[in-house]
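Participant: Take this structure, written in structure tokens, and hold onto it; I'll ask about it next.
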Amino acid sequence: MDKRSEALEEAIAHLTRVVDDLSEVVARQDTEIALLTRRVEALLRAAAEREMDAGGTIPLADQRPPHW
């Protein structure tokens with residue numbers, strides 16, 4: 001039984017390490033996704049402002065497609 005419990009302890013330690021590593025990856029990706037989301041929103045706002053300044057119409061992103 002001693003070898004079996006040692007093997008189980010090693011497996012648990014390995015799995016704990018993997019979970020911790022994956023948790024760090026997920027946290028880092030969450031931060032990166034939030035940053036990229038803010039950048040995309042800023043780019044969309046800037047494009048809409050340029051579109052409004054250029055023609056004074058509703059930005060294309062806010063218009064319904066012609067087939068609607």
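Participant: Report yes if L22 is under 28 Å from the mean Cα position of the chain (by Cα), at pLDDT 95 or above and surrounded by 10 or more Cβ atoms within 10 Å (Cβ to Cβ), otherwise no. Explain how you work it out, then say what you get.
Facilitator: Details: under 28 Å from the mean Cα position of the chain (by Cα): yes; at pLDDT 95 or above: yes; surrounded by 10 or more Cβ atoms within 10 Å (Cβ to Cβ): yes.
Judged against the criteria, L22 is a match.
Participant: Ok, one more. Only one of (1) at pLDDT below 95; (2) open to solvent by 100 Å² or more (accessible area, probe 1.4 Å) fails for G56. Which number is that?
Facilitator: (2)
Participant: Among the numbered criteria (1) at pLDDT 90 or above; (2) surrounded by 10 or more Cβ atoms within 10 Å (Cβ to Cβ), which single criterion is violated by K3?
Facilitator: With (1) at pLDDT 90 or above; (2) surrounded by 10 or more Cβ atoms within 10 Å (Cβ to Cβ) applied to K3, the lone miss is (2).
The values are calculated or read from the model by the stated rules, or taken from the named source; none is laboratory data. Source: prediction; values computed, not measured. Neighbour counts run over all protein chains shown; Cβ positions are idealised from the backbone, glycine included. Ligands, DNA and RNA are stripped out before the accessible areas are found, and what is left, the full protein with its side chains, is counted by its heavy atoms. Shrake-Rupley method; radii C 1.70, N 1.55, O 1.52, S 1.80 Å.
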